[in-house]
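For reference, the structure I am asking about is given below.
The values are calculated or read from the model by the stated rules, or taken from the named source; none is laboratory data. Just so it is clear, the structure is predicted and the values come from calculations on it, not from any experiment. Here the Cβ is made from the backbone with ideal geometry for all residues, glycine too, and neighbour counts use every protein chain on show. Remember, those area values only see protein heavy atoms, side chains included, never the ligands or the DNA or RNA. Shrake-Rupley method; radii C 1.70, N 1.55, O 1.52, S 1.80 Å.
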Amino acid sequence: QVQLVESGGGLVQAGGSLRLSCAASGRTFSSYAMGWFRQAPGKEREFVAAISWSGGSTYYQDSVKGRFTISRSNAKNTVYLQMNSLKPEDTAVYYCAGKNTRVVITTHDYVYWGQGTQVTVSS
């Protein structure tokens with residue numbers, strides 16, 4: 001069983017930055033593909049970014065390309081989402097997700113999910 005705990009959310013003005021962290025329990029984190037998703041009020045949860053087990057491959061939703069960066073530290077069992085140039089439309093609850101696979105996943109096909117952290121961007 002793997003537990004994922006997100007942190008780093010908060011309230012920021014448009015144009016600002018936040019860094020989300022997702023700490024994972026367990027000794028096999030380095031084997032996990034990881035992803036970030038978000039869900040705004042009244043909308044479905046959507047893919048934001050994903051990273052391979054090694055960190056060598058990353059993928060992004062088009063709307064966040066060039067503004068968000070996903071990274072990981074396997075030594076710290078943590079995956080990060082650096083968010084720059086934030087916009088009001090980035091407001092959502094952000095979730096991290098993980099699956100023990102060598103394949104990068106950009107769909108909802110993850111096994112483990114965190115509880116989420118709220119990001120609010122004011123205009």
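I need a count of the residues in segment 62-75 that are at pLDDT 95 or above, open to solvent by 40 Å² or more (accessible area, probe 1.4 Å) and not in a strand (DSSP E or B).
Going through segment 62-75 one residue at a time, the tally reaches 4.
Being over 16 Å from Thr101 (Cβ atoms), part of a loop (DSSP other than H, G, I, E, B), open to solvent by less than 70 Å² (accessible area, probe 1.4 Å) and without any contact (Cβ under 8 Å) to a residue 24 or more places away in the chain is the filter here, so list the residues in segment 22-60 that pass it.
Within segment 22-60, no residue meets the criteria.
Another question, then. Being more than 15 Å from Gly8 (Cα to Cα) and in contact with a strand residue (DSSP E or B) (Cβ under 7 Å, 6 or more places away or on another chain) is the requirement here; does Ser123 meet it?
Here the answer is no, as Ser123 does not meet what is asked.
Could you please give the count of residues in segment 85-121 that are over 16 Å from Ser52 (Cα atoms), open to solvent by less than 40 Å² (accessible area, probe 1.4 Å) and not in a loop (DSSP other than H, G, I, E, B)?
8
List pairs: first in segment 89-111 and more than 12 Å from Arg38 (Cβ to Cβ), second open to solvent by 30 Å² or more (accessible area, probe 1.4 Å) and among the small types (Gly, Ala, Ser), Cβ under 6 Å, 6+ apart or cross-chain?
From segment 89-111, the pairs are Asn100/Ser31; Val104/Ser57.
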